[in-house]
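Following: one structure in structure tokens, then a few remarks.
The values are calculated or read from the model by the stated rules, or taken from the named source; none is laboratory data. The model shown is predicted, which means the values in this text are computed figures rather than measured ones. Cβ placement follows ideal geometry from the backbone for every residue including glycine, while neighbour counts extend to all protein chains displayed.
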Amino acid sequence: MVTLFNWSCTKIDSTELGGGLIPVVDNVHTFDTVLSVIANNFDSVSKDCIKILPSDYHTLGYISNDPYFGISRATIFAQFKPPFFPYSFPVSRSIDSIVLVLSYKSSFGDTTIAQKVDVFPIQGIYKSDSSSCTFFDFDFPFLGSTIYTPSKLNDSVISFDERASHQLRIKLDNAFGAALLAQDSTTGLKSDSAFNAFFKGFAISPDANFGGNALSYFDLLDSNSKLAIYFKFTSAANVTDTTVYNFRVTNLSSVSNNIQRIHAGSEITSHLSHPPEGDDVIYIQTSPGTYAEIKIPDISGLSNRIVHRAELTMDQVYSPNTLDNYFATPSLLYLDLKDTAGGGSYRPIPCDFNTLSGTPNISTFGGFRTIVKDPFGNDISRYTFNISRYVQKIITNGRANATLRLRAPADIINPAGYIDECNQGVQPFNYPVNIPTVGRVKLGGGNNSNYRMKLRIIYSDL
């Protein structure tokens, strides 16, 4: 259904539309119409196998109680190696202690709840990528564990020959340290392949039985991340001393981040039936997570007109649940188009999305989170997209009115360049927009009474 307002206006209040970007034209009658939206939820966790590079932040932790999305569990796999091969330790040596150290950057969730992390040796060499599609369980030998509170990971740490902060330190079994210290340039430290045969790396996994309600993010390439081997050695002068050698993630290391989402029993599972009228609430979880399909059928019924601005707007549904204070909304949502001619793949919104500046024009296309007041005075997140030229193409040129997709990806990717329907070049790109797993939001759907998703069009008659 089409709802029309301000039929006699010549100037439109642009407070909620584009920050004053709506043109005000004297002596031209400018009108305002709001079109209904049909939006449905889709759970894409089983297919959303995001790739995480060694240089990306890696996620570790356990969320046990997100009422919207249930459980999240993140495990890091990493190899820490000597700086070169062949490598050796001092001749006369004995283990003091061995500590796995991860460089802490930030957290998402309730950081006041303690968590426990366990470390195991992995079995087999793995690729440097991430998959949420496969969960790895652990029956391997146990190497060590620690209990930590995410909110305290930025505290200062004083250890042998080091004063640091922003570290997660996990003390490992001294038997493993002694076995590592026993290697030399003729055995496990002779070459990279010899080291891999001796030890294939760490699985660093949250203990779900212990609990927790946050995910934390670590930089494995930062100098703060290392395998610190503390040992005593006897010098040629027969003097016993203590030192520390650090192994790190190198260009020979494989790292991987396994992120598991378990939605069973959470709110979203009651909103996956795809009713024809759409869902009244939409659940968007940052990758690996969920998405929504959006249809705006009434665009096709509009008479020919000049579209000054067409904005698709969606609002967060306010909740008094204090967990919403911990589980922040995504910093950016992304909207693209289902290309039925391309076998159901997705591509950028034609005409409105481009790379003319060399990078995606997110600043004008939209999708950034803004904070506004809802009808009851509560602070909520709002997301707005400018799809003006796309709507004009449907109205004037009879372009197919496609299904749109809304999501919160870690990256937006276009593998090949092309020229769109408005003769704009869109170059290949891989553009980061969200840290994986950071952010989730419950939005109003097209038939939500208080937080209605809608397309608002400012136009002039021909």
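Being assigned by TED's automatic domain parsing to the domain that holds S103, buried (at least 18 other Cβ atoms within 10 Å of the Cβ) and farther than 21 Å from P86 by Cβ: is that true of L181 here? If you could, list the steps in order and put the result at the bottom.
Working: assigned by TED's automatic domain parsing to the domain that holds S103: yes; buried (at least 18 other Cβ atoms within 10 Å of the Cβ): yes; farther than 21 Å from P86 by Cβ: no.
It is false that L181 is assigned by TED's automatic domain parsing to the domain that holds S103, buried (at least 18 other Cβ atoms within 10 Å of the Cβ) and farther than 21 Å from P86 by Cβ.
For region 266-290, a residue qualifies if it is assigned to a strand (DSSP E or B) and either buried (at least 24 other Cβ atoms within 10 Å of the Cβ) or of a type in the set (K, R) (or both), and the qualifying residues are I282, Y283, I284, Q285, T290. Looking at L60, is it more than 30 Å from A264 (Cβ to Cβ) and modelled with pLDDT of 95 or more? No.
Just checking, does region 337-348 include any residue being outside the structural domain of D110 (by TED's automatic domain parsing), part of a loop (DSSP other than H, G, I, E, B) and modelled with pLDDT of 95 or more? So that I can check it myself, show each step before the final result.
Just the residues of region 337-348 that are outside the structural domain of D110 (by TED's automatic domain parsing), to begin with: 337-348.
Among the residues that remain, those that are also part of a loop (DSSP other than H, G, I, E, B) are: 343-344.
The next check asks that each one be modelled with pLDDT of 95 or more; those that pass are none.
No: zero hits.
Which count do you get for residues in region 183-219 that are outside any strand (DSSP E or B), within 30 Å of N325 (Cα to Cα) and small (G, A, S)? Steps first, please.
Step one: list which residues in region 183-219 are outside any strand (DSSP E or B), which gives 183-201, 207-212.
Then drop every residue that is not within 30 Å of N325 (Cα to Cα), which leaves 207-212.
Retained after the next criterion (residues that are small (G, A, S)): 208, 211-212.
Of the residues in region 183-219, 3 are outside any strand (DSSP E or B), within 30 Å of N325 (Cα to Cα) and small (G, A, S).
Looking across P360, P330, one residue alone is within 21 Å of I380 (Cα to Cα), of a type outside the set (A, V, I, L, M, F, W, C) and surrounded by 14 or more Cβ atoms within 10 Å (Cβ to Cβ). It is P330.
For region 366-425, give me every one of the strands (runs of 3 or more DSSP E) that falls completely inside it and has 2 or more residues that are touching an Asp or Glu at 6+ places or on another chain (Cβ under 8 Å).
Details: elements: 370-373, 379-386, 404-407, 411-414.
The strands (runs of 3 or more DSSP E) meeting that bar are 370-373, 379-386, 404-407.
The residue pairs whose first member lies in region 80-107 and is without any contact (Cβ under 8 Å) to a residue 12 or more places away in the chain and closer than 30 Å to G439 by Cβ, whose second member is of a type outside the set (A, V, I, L, M, F, W, C) and assigned to a strand (DSSP E or B), and whose beta carbons are closer than 6 Å, counting only pairs six or more residues apart or on different chains, do not exist in this structure.
Condition check: exposed (fewer than 13 other Cβ atoms within 10 Å of the Cβ), over 18 Å from the mean Cα position of the chain (by Cα), farther than 29 Å from S107 by Cβ and of a type in the set (G, A, S). Does A416 satisfy that?
Working: exposed (fewer than 13 other Cβ atoms within 10 Å of the Cβ): yes; over 18 Å from the mean Cα position of the chain (by Cα): yes; farther than 29 Å from S107 by Cβ: yes; of a type in the set (G, A, S): yes.
Yes; evaluated as a whole, the condition is true for this residue.
A quick yes/no check of all residues on (1) outside the structural domain of I282 (by TED's automatic domain parsing); (2) over 30 Å from A194 (Cβ atoms); (3) modelled with pLDDT of 95 or more:
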{"position": "L21", "(1), (2), (3)": "no, yes, no"}
{"position": "H29", "(1), (2), (3)": "no, yes, no"}
{"position": "D32", "(1), (2), (3)": "no, yes, no"}
{"position": "V37", "(1), (2), (3)": "no, yes, yes"}
{"position": "N41", "(1), (2), (3)": "no, yes, yes"}
{"position": "G70", "(1), (2), (3)": "yes, yes, yes"}
{"position": "I95", "(1), (2), (3)": "yes, no, yes"}
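Scan region 438-461 residue by residue and report those that are within 17 Å of L406 (Cα to Cα) and β-branched (V, I, T). V438, V441 - these are the residues of region 438-461 that are within 17 Å of L406 (Cα to Cα) and β-branched (V, I, T).
The set of residues in region 198-246 being in contact (Cβ under 8 Å) with a residue 24 or more places away in the chain, charged (D, E, K, R) and more than 22 Å from L143 (Cα to Cα) consists of D222 alone. Report yes if some residue within region 149-166 is outside any strand (DSSP E or B), touching a helix residue (DSSP H, G or I) at 6+ places or on another chain (Cβ under 9 Å) and either over 21 Å from S106 (Cβ atoms) or not assigned by TED's automatic domain parsing to the domain that holds D66 (or both); otherwise report no. No, every residue in region 149-166 fails to be outside any strand (DSSP E or B), touching a helix residue (DSSP H, G or I) at 6+ places or on another chain (Cβ under 9 Å) and either over 21 Å from S106 (Cβ atoms) or not assigned by TED's automatic domain parsing to the domain that holds D66 (or both). Restricting attention to region 220-247, the residues being crowded, with 19+ Cβ neighbours inside 10 Å, of a type outside the set (F, W, Y) and not in a loop (DSSP other than H, G, I, E, B) number 4.
Could you look through region 248-265, keep only residues that are assigned to a loop (DSSP other than H, G, I, E, B) and touching a residue at least 12 places away in the same chain (Cβ under 8 Å), and pick out the one that is surrounded by the most Cβ atoms within 10 Å (Cβ to Cβ)?
So in region 248-265, the residues assigned to a loop (DSSP other than H, G, I, E, B) come out as 249-254, 263-265.
From what's left, touching a residue at least 12 places away in the same chain (Cβ under 8 Å): 249-250, 252-254, 263-265.
Details: V249: 24, T250: 15, L252: 15, S253: 18, S254: 18, H263: 21, A264: 7, G265: 10.
Among those that are assigned to a loop (DSSP other than H, G, I, E, B) and touching a residue at least 12 places away in the same chain (Cβ under 8 Å), it is V249.
When you scan region 323-336, do you find a residue that is touching a residue at least 12 places away in the same chain (Cβ under 8 Å), closer than 17 Å to N414 by Cβ and either in contact with a Ser or Thr (Cβ under 9 Å, 6 or more places away or on another chain) or acidic (D, E) (or both), even just one?
Quick first cut of region 323-336, residues touching a residue at least 12 places away in the same chain (Cβ under 8 Å) only: 323, 326-336.
Those still in the list that are closer than 17 Å to N414 by Cβ too: 332, 334-336.
Filter once more, so that each one left must be either in contact with a Ser or Thr (Cβ under 9 Å, 6 or more places away or on another chain) or acidic (D, E) (or both): 336.
Taking every residue of region 323-336 in turn, at least one turns out to be touching a residue at least 12 places away in the same chain (Cβ under 8 Å), closer than 17 Å to N414 by Cβ and either in contact with a Ser or Thr (Cβ under 9 Å, 6 or more places away or on another chain) or acidic (D, E) (or both).
D298 - would you say it is in a strand (DSSP E or B) and closer than 23 Å to G446 by Cβ? In short, no. Only one entry of G144, G212, G201 meets the criterion of being within 15 Å of Y62 (Cβ to Cβ) and buried (at least 17 other Cβ atoms within 10 Å of the Cβ), and that entry is G212. Here A400 passes the criteria (1) at pLDDT 95 or above; (2) over 24 Å from Y431 (Cα atoms) except the one numbered (1). Checked against (1) out of contact with any Phe, Trp or Tyr (no Cβ under 6 Å at 6 or more places or on another chain); (2) in a loop (DSSP other than H, G, I, E, B); (3) under 30 Å from I76 (Cβ atoms), V438 meets all criteria but (1).
Every residue, every condition in (1) hydroxyl-bearing (S, T, Y); (2) surrounded by 18 or more Cβ atoms within 10 Å (Cβ to Cβ); (3) not in a strand (DSSP E or B), yes or no:
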site	(1), (2), (3)
T59	yes, yes, no
R73	no, yes, no
F85	no, no, yes
F89	no, yes, yes
I95	no, yes, no
K116	no, no, no
